[in-house]
Amino acid sequence: MAKVPTTFSFASEGIDPAYQSSVAERPKSVSKMLAGLICFFAVLMSASMVHAACKSGALGTHRTLPVDASKFRTFNGTEKALGLRDKEVILTFDDGPIGRNTANILKALEKECVKATFFFVGKMARAYPHQVRQVVRQGHTLAHHTHGHEVLPKYSTKKASRIVDRGVKGLQKIAYGDSSHKPRTPFFRYPYLASSKRTDRLLAHKGLVAFGANIDSLDWKIKNSKRIHDNIMRQLKRKRRGIILMHDIHARTAKMLPGLLRSLKAGGYKVVHIVPKQGGTQIAMGAVDEPKKGKGKSVKRRTKFKRLSNRQIAKLSAREQKLYWTRYWYVKRGRKIPRHLR
Ligand SMILES: [Zn+2]
């Protein structure tokens, strides 16, 4: 993350009091209560499944926190209505995915059996689509961060709306094979945390919640991994709970993460996994299958390849047999058959 523009207000300034008071409302009808119960058990089951898969001694995900996007406009982790308890933290990563660093972060999270939230940039997702799907498959929360990391308040509302939609649509297409710009996970973080009342209204209109953070790792500025770790732990000691902001694009962040997770465990901190209240656990399971290796064209060509029986192969000349098996070798691996073999 580069320098934060000073002219903008920050998403982390707190939530709209109107939204805060409406959180107190509870569903009254029986059907709503039933839906709530089902949701509760789904979350409970997913939490127990998470724990079942964890090795002993791992930090582990303490609990899943479902958030109703319609009740909030923004939050930064400190709000009472959000419900974070003492020593509970939410891990968040922005700006990825990117090759080895995101891969190492996912490995570290998996090793300690903790779930995080990733705010991916559409352009980056396009470059590393398999990592987007991996995030969803591993049960982390996949959230939005625009298509090209734009400073949203700089644009007209119409243009800003298109930017947000493009990011959501692009990411969802990769993650779930879904071309809709209606967000499945209604979580968003402003690039540079740059927001305005106008963009807040725009997000609310789209049903998106703007995530802030009360514990900024400053990993975009601090170059040393130990200092990033210490910076987070120092803030935690003072604030005791909240949303930790990190960036999976930095090697130094990936390097310090295993140590940070160990320090969290040693310090008695608990990791909370934040999910959308509507369909949160199902979304986590919804990643599309990894496409077969090779481009669409080669798959098409592969269908043109005709498998022959052993008897049919035996009837071919030695040269034809060799050609057949070479073509078969490419098809079997989902690769494009070279022009001279077609
Ligand atoms: Zn960012």
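Any read-out appearing in this document is the output of simple, stated calculations on the displayed coordinates, not a laboratory observation. All values derive from a computational prediction rather than experimental measurement. When we count neighbours, we look across all protein chains shown, and the Cβ atoms used for this are built from the backbone with ideal geometry, even at glycine.
Here is how the numbers come out for the structure above:
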| item | result |
| --- | --- |
| Cut-off under 5 Å, modelled amide H: who pairs with THR92 long-range | THR117, ILE244, MET246 |
| Rounded to whole Hz, the Karplus (6.51, -1.76, 1.60) HN-Hα couplings of the stretch 224-239, x for glycine and proline | 9, 5, 5, 5, 5, 4, 5, 4, 5, 5, 5, 5, 4, 4, 7, 8 |
| Placed amide H near ILE215: partners under 5 Å, 5+ positions off or other chain | ILE243, LEU245 |
| Principal semi-axes in Å for the stretch 146-186 [√(5λ), Cα gyration tensor, largest first] | 20, 9, 7 |
| Shape call, the stretch 56-132: gyration tensor on alpha carbons, a/c limit 1.5 | oblate |
| Rough spin-label spacing in nm, given labels placed 7 Å along Cα→Cβ, for TRP329 and SER179 | 3.9 nm |
| Ranked packing of 224-232, 252-260, most packed first, by mean Cβ within 10 Å | 252-260, 224-232 |
| Vicinal HN-Hα couplings computed from phi for the stretch 108-124 (Karplus, 6.51 cos²θ - 1.76 cosθ + 1.60; Hz; Gly/Pro x) | 4, 5, 5, 4, 8, 6, 10, 10, 10, 10, 10, 9, 8, 8, x, 4, 5 |
| Overall form of the stretch 142-253 per C-alpha gyration tensor (a/c, 1.5; a/b vs b/c) | prolate |
